[in-house]
Amino acid sequence: MPRFLIFFLFVAVFVTAWTAPHWKPSPADQGVSLEKRAKAIAQSCAACHGTDGRFHSEIPSLAGKPEPVLSALLIAYRNDSIPNATVMPRIAKGYTEEELRAVAAHFATLSATEE
Ligand code: HEC
């Protein structure tokens, strides 16, 4: 690659980085309550665990299970201490322990049966 091109790329990257709007922390860091974050996180669980964590399939339901049980399972997935798990270790690693406890608390408050 000709030198001027390398120089040009360097300047372009520098100028873009400098003029781009400064990175803003995610809403998670902007004072959104942990409870609201937990609800948002819980939406992503619905695809497999059913709406409100209530599903009748091979994937276990979450709704109404005690918070300490759900927290312990999620943290164990995160630490790779549940053998034969498939997707949950990868999912649990995407969240902090605090978020996992909050999402566990969210599912614990939901009724296990549809009302
Ligand atoms: C891609 C599908 C998928 C998504 C999305 C998903 N799960 Fe799971 N979940 C599973 C499967 C499959 C299992 C069984 C363990 C395994 O194979 O990893 C499981 C197991 C669990 C268990 C253990 C339940 C029990 O009683 O043994 C908990 C707790 C759990 N998931 C919570 C969550 C939470 C919270 C989320 C959202 C942050 C979530 N899962 C998102 C598929 C999913």
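Summing charges over neighbours of Ala46, with a neighbour being any other residue whose Cβ is under 13 Å away from its Cβ, gives +1 when K and R count +1 and D and E count -1.
Give the whole-number value, in cubic angstrom per residue, of the convex hull volume spanned by the C-alpha atoms of segment 32-115. The partial results should precede the final answer.
Numbers: hull volume 7.3 nm³, N = 84.
Taking the convex hull of the Cα positions in segment 32-115, it is 87 Å³ per residue.
Note on segment 32-115: dipole from Cβ charges, positive end direction compared against Ser71, Val103, Ala92; the farthest Cα belongs to Ala92. Each peptide in 57-70, 74-87 gets a packing score, the mean of other Cβ atoms within 10 Å over its residues, and the list from highest to lowest is 57-70, 74-87.
A short reminder: the numbers here are calculations on the coordinates, not readings from a lab. Because the structure is a prediction, the values reported are computed rather than measured. Virtual Cβ from ideal backbone geometry, glycine too; neighbours counted across all protein chains shown.
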